[in-house]
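Asks: Handing you a structure now.
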Ligand SMILES: [Zn+2]
């Protein structure tokens, strides 16, 4: 019995292969690829059949290979499409400041690299109903400074700001809380200073000494009592 024939032309061309190598890339053997970063090469729009065959060939030649659907790759015009829906100037979700649209970057909350490498992340994105990594719910506006610094933020703070930093009410509430915290600190400091001024220092030291002595005596009593 022969192998069942598959009609490759009817298969959807929705797969990508990313190859990495520290050596010179053999474009003569793999003309489907183009360089996307130093040591990184990409072939897009392959059928599952083509992608699997190519990945096996690359692996045999010593390349590191990952295979994933096109949708987990960043598109070419996600920035333009996302910014069309945003006001100008646009707020950076990480610092809350406003920037002109043409100087702001668009950040992927769940990075494309993570989606490409982790099947768990892809599953999570699918469960959330994301059509692709460029789904508008996965995009936020960020200024250049914050986008380059976001790796220094801890994951919780990063996700928190990515989730709430897009809303004006969040920044207003933050301002109100900061002012309230400042007033509370000033009030408590004022109380402490007024207490210190109304009691001589020697009296305060005596009160502390008496409290320590009382505690020590209680401890000694408890030890002797046992
Ligand atoms: Zn910023």
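Asks: Looking at 67, 58 in this structure, which one is assigned to a helix (DSSP H, G or I) and surrounded by 13 or more Cβ atoms within 10 Å (Cβ to Cβ)?
Replies: One residue alone meets the criteria, 58.
Asks: Give the residues of the stretch 8-31 that are under 19 Å from residue 75 (Cβ atoms) and over 28 Å from the mean Cα position of the chain (by Cα), sorted by residue number. Full working, then the answer.
Replies: Residues of the stretch 8-31 that are under 19 Å from residue 75 (Cβ atoms), as a first pass: 12-18.
Hits for the stretch 8-31 are 12, 13.
Asks: With respect to residue 113, is the statement that it is under 26 Å from residue 11 (Cα atoms), surrounded by fewer than 17 Cβ atoms within 10 Å (Cβ to Cβ) and outside the structural domain of residue 25 (by TED's automatic domain parsing) true?
Replies: Yes.
Asks: Would you be able to say whether some residue in the stretch 133-146 is without any contact (Cβ under 8 Å) to a residue 40 or more places away in the chain and under 19 Å from residue 99 (Cβ atoms)?
Replies: Let us first name the residues in the stretch 133-146 that are without any contact (Cβ under 8 Å) to a residue 40 or more places away in the chain, namely 135, 137-138.
This time we only want the ones that are under 19 Å from residue 99 (Cβ atoms), so: none.
Looking for residues that are without any contact (Cβ under 8 Å) to a residue 40 or more places away in the chain and under 19 Å from residue 99 (Cβ atoms), one finds none in the stretch 133-146, hence no.
Asks: Regarding residue 60, is this residue assigned by TED's automatic domain parsing to the domain that holds residue 19, away from the ligand (no atom under 16 Å from the Cβ), closer than 26 Å to residue 20 by Cα and in contact (Cβ under 8 Å) with a residue 24 or more places away in the chain?
Replies: No: the conditions fail for residue 60.
Rundown of residues vs (1) more than 24 Å from residue 87 (Cβ to Cβ); (2) surrounded by 14 or more Cβ atoms within 10 Å (Cβ to Cβ); (3) touching a strand residue (DSSP E or B) at 6+ places or on another chain (Cβ under 6 Å), yes/no style:
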{"site": "122", "(1), (2), (3)": "yes, yes, no"}
{"site": "125", "(1), (2), (3)": "yes, yes, no"}
{"site": "134", "(1), (2), (3)": "no, yes, no"}
{"site": "137", "(1), (2), (3)": "no, no, no"}
{"site": "140", "(1), (2), (3)": "no, yes, yes"}
{"site": "147", "(1), (2), (3)": "no, yes, yes"}
{"site": "151", "(1), (2), (3)": "yes, no, no"}
{"site": "154", "(1), (2), (3)": "yes, no, no"}
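Asks: Moving on. Is there a residue being part of a strand (DSSP E or B), surrounded by fewer than 14 Cβ atoms within 10 Å (Cβ to Cβ) and under 28 Å from the mean Cα position of the chain (by Cα) anywhere in the stretch 41-54?
Replies: The answer is yes, given that some residue of the stretch 41-54 is part of a strand (DSSP E or B), surrounded by fewer than 14 Cβ atoms within 10 Å (Cβ to Cβ) and under 28 Å from the mean Cα position of the chain (by Cα).
Asks: Does residue 11 satisfy the criteria of being surrounded by 14 or more Cβ atoms within 10 Å (Cβ to Cβ), modelled with pLDDT under 85 and in contact with a helix residue (DSSP H, G or I) (Cβ under 8 Å, 6 or more places away or on another chain)? Spell out how you get there, then give the answer.
Replies: Values: surrounded by 14 or more Cβ atoms within 10 Å (Cβ to Cβ): yes; modelled with pLDDT under 85: yes; in contact with a helix residue (DSSP H, G or I) (Cβ under 8 Å, 6 or more places away or on another chain): yes.
It is true that residue 11 is surrounded by 14 or more Cβ atoms within 10 Å (Cβ to Cβ), modelled with pLDDT under 85 and in contact with a helix residue (DSSP H, G or I) (Cβ under 8 Å, 6 or more places away or on another chain).
The values are calculated or read from the model by the stated rules, or taken from the named source; none is laboratory data. In this text the structure is predicted, and so the values were computed from the model without any measurement. When we count neighbours, we look across all protein chains shown, and the Cβ atoms used for this are built from the backbone with ideal geometry, even at glycine.
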